[in-house]
Amino acid sequence: MDDVLGYAGKSVVVTGAASGMGEATARILVDLGAQVTALDIKETKVPVARALRIDLRDRENIEQVAASIDGPIDGLFSCAGLPGPPFSEWDTILVNFVGARHLAELLVPKMSAGSAISVISSSAAIGWQDHIPVITELLETEGFDGAVNWLREHEKVWSWSGYAYSKYIIDAWVGWWYPELAKRGIRINCINPGPTETAMMPAFQNLMGKDVVDQAVGPIGRYSTPEEQAWPLVCLGSPRFSYVAGEVLWTDGGWNGAMTMGRHQAQWAEDTGEMAKRH
Ligand SMILES: NC(=O)c1ccc[n+]([C@@H]2O[C@H](COP(=O)([O-])OP(=O)(O)OC[C@H]3O[C@@H](n4cnc5c(N)ncnc54)[C@H](O)[C@@H]3O)[C@@H](O)[C@H]2O)c1
């Protein structure tokens, strides 16, 4: 069977395409025959059809870039992200959620029926269900400015970790938004990667300590490669996965399953859960 994942000749947009999982995603999609538009604040080395600079912290810039992309778009892969320190918590939540949502909402009218939005969240989202009522308020805000205003008014809720909170939001967002997208025949899903060898990893190890990051390694016993995250993301976005929607896929080497069944301990997950509840 040729074109197993159905990307040949399809038009797709990849954010974060300059590095790590986004770069791996863009490379795989080019290899699968897709016309890739790469968006990043940095330059990508992937030989894509079109590369545009975007700053996901900047509403006007996002709007200019979105306007310059013609439809029909068959897939959006939202991979750009910041890890928190040394970047500010504010920039982190802007890039990871506010800018990502704004771009996605602007591109949806150009997306074809049968297309999909595939987002990278994180295993740091563990326990996100505890925050559904508060996060729903944020999801109900309109546009970039609506989210910014809500976040400014509720700084205590998320500022203990713009990173973890942005990932709680993404896991909630895919289930919350899909019922509306379904009317257009568009799916949305996310992956929750475990520790992955990318340019972001030193920031996590410096902030938490390597031993703490290592607690998020599943029974598989090692960090993931960027390609091991890109493939599940590319599969989720494929028309072959047409009945998978509003879903959170844990791409974590079995960590969440083992945690759920009490077969693995990660003290930091309990600590961040407690921290989140206190705010
Ligand atoms: N590396 C890990 O261990 C890990 C684990 C779980 C989830 N994640 C998530 O995976 C995603 C990809 O991260 P990665 O690990 O490949 O890191 P990375 O640093 O290699 O890639 C992140 C990309 O986002 C881009 N970016 C940053 N700020 C931007 C902005 N303002 N506007 C546009 N683009 C911007 C960067 O230029 C970079 O190309 C992120 O959402 C991250 O939170 C990473």
Open item on the list: What FRET efficiency comes out for ALA67 versus GLU105 if R0 is 22 angstrom and r is the Cβ-Cβ distance? Round to the nearest 0.05.
Closed with: 0.95
- [ ] On a 0 to 90° scale, report how tilted helix 162-182 is relative to the longest principal axis of the chain, with both axes built from alpha carbons and the result rounded to the nearest 10.
- [x] 40 degrees
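Taking region 162-232, which trypsin sites (Lys or Arg not before Pro) meet the DSSP loop condition and have no more than 16 other C-beta atoms within 10 Å?
Working: sites: LYS167, LYS183, ARG184, ARG187, LYS210, ARG222; in loops: LYS183, ARG184, ARG222.
Qualifying residues, ordered by number: LYS183, ARG184, ARG222.
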TODO: Would you kindly find the accessible area of PHE241, with a 1.4 Å probe and non-protein molecules such as ligands, DNA and RNA excluded, rounding to the nearest 10 Å²?
DONE: 70 Å²
Task: Column: log10 I(q)/I(0), Debye, Cα scatterers of the chain, q = 0.09, 0.12 Å⁻¹ - done: -0.38, -0.69
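Between PHE87 and ALA203, what length comes free when the chain is fully extended (0.36 nm per residue of separation minus the Cα-Cα distance, one decimal in nm)? Display every interim value, and only then the final one.
Values: separation 116, 0.36 × 116 = 41.76 nm, distance 0.93 nm.
This chain segment gains 40.8 nm when fully extended.
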Task: Folded to 0 to 90 degrees: helix 226-237 orientation relative to the chain principal axis, Cα - done: 60 degrees
Open item on the list: Charges on Cβ only, +1 for Lys and Arg, -1 for Asp and Glu, centred on the Cα centroid of the chain; of ALA216, PRO47, PRO179, which one is farthest towards the dipole's positive end?
Closed with: PRO47
Open item on the list: Can you give me the accessible area per residue for region 11-278, using a 1.4 Å probe, in Å²?
Closed with: 43 Å²
Open item on the list: Keeping all protein chains in the complex and leaving out DNA, RNA and ligands, what accessible area do you get for ASP74 with a 1.4 Å probe, in Å² to the nearest 10?
Closed with: 40 Å²
- [ ] Relative to the longest principal axis of the C-alpha atoms of the chain, give the angle of the C-alpha long axis of helix 20-31, reported between 0 and 90° and rounded to the nearest 10°.
- [x] 20 degrees
TODO: Go ahead and set up a Gaussian network model of the chain, Cα springs under 10 Å, then flag whichever of ASN96, ASN256, ASN61 fluctuates most.
DONE: ASN61
TODO: Give the carbon-plus-sulfur fraction of the accessible surface of region 11-278 in %, rounded to a whole number; probe 1.4 Å, heavy atoms of protein chains only.
DONE: 52 percent
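Determine the order of GLU23, GLU142 by accessible area, beginning with the largest, at a probe radius of 1.4 Å.
Working: GLU23 40, GLU142 160 Å².
Final ranking, largest accessible area leading: GLU142, GLU23.
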Task: In the chain, lysine pairs closer than 29 Å at Cα, eight or more apart or cross-chain - done: 19
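If a/c stays under 1.5 just call it rounded; otherwise compare a/b with b/c (prolate if a/b is bigger, oblate if not). Do that for region 1-86, with a ≥ b ≥ c from the square roots of the Cα gyration tensor eigenvalues.
Details: a/c = 2.29, a/b = 1.46, b/c = 1.57.
Cα axes put region 1-86 in the oblate bin.
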- [ ] Starting from the Cα of THR260, step 7 Å along the direction of its Cβ; do the same at SER112; then give the gap between the two resulting points in nm.
- [x] 3.4 nm
- [ ] Please work out the FRET efficiency for the pair THR141 and LYS183, using the Cβ-Cβ distance as r and a Förster radius of 22 Å; give the result to the nearest 0.05.
- [x] 0.60
Open item on the list: For a Förster distance of 45 Å, can you work out the FRET efficiency between the beta-carbons of ARG53 and THR225, rounded to the nearest 0.05?
Closed with: 0.95
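On a 1.4 Å probe surface of the protein chains, which of TRP128, TRP176, TRP231, TRP158 comes out largest in accessible area, and what is the full order? Each step should come with its number before you reach the end.
Working: TRP128 45, TRP176 90, TRP231 110, TRP158 5 Å².
Correct descending sequence by accessible area is TRP231, TRP176, TRP128, TRP158.
Tally Lys and Arg at +1 and Asp and Glu at -1 over the other residues with C-beta under 13 Å from the C-beta of TRP268: what net charge comes out? The partial results should precede the final answer.
Values: positive: LYS210; negative: ASP211, ASP214, GLU270, ASP271, GLU274.
With Lys, Arg at +1 and Asp, Glu at -1, the neighbours total -4.
The values are calculated or read from the model by the stated rules, or taken from the named source; none is laboratory data. Predicted model only: the values in this text are computed from it and were never measured. All Cβ positions, even for glycine, are placed from backbone atoms using ideal geometry, and neighbour counts span all protein chains on display. Note: areas computed on protein heavy atoms with side chains; ligands, DNA, RNA excluded. Shrake-Rupley method; radii C 1.70, N 1.55, O 1.52, S 1.80 Å.
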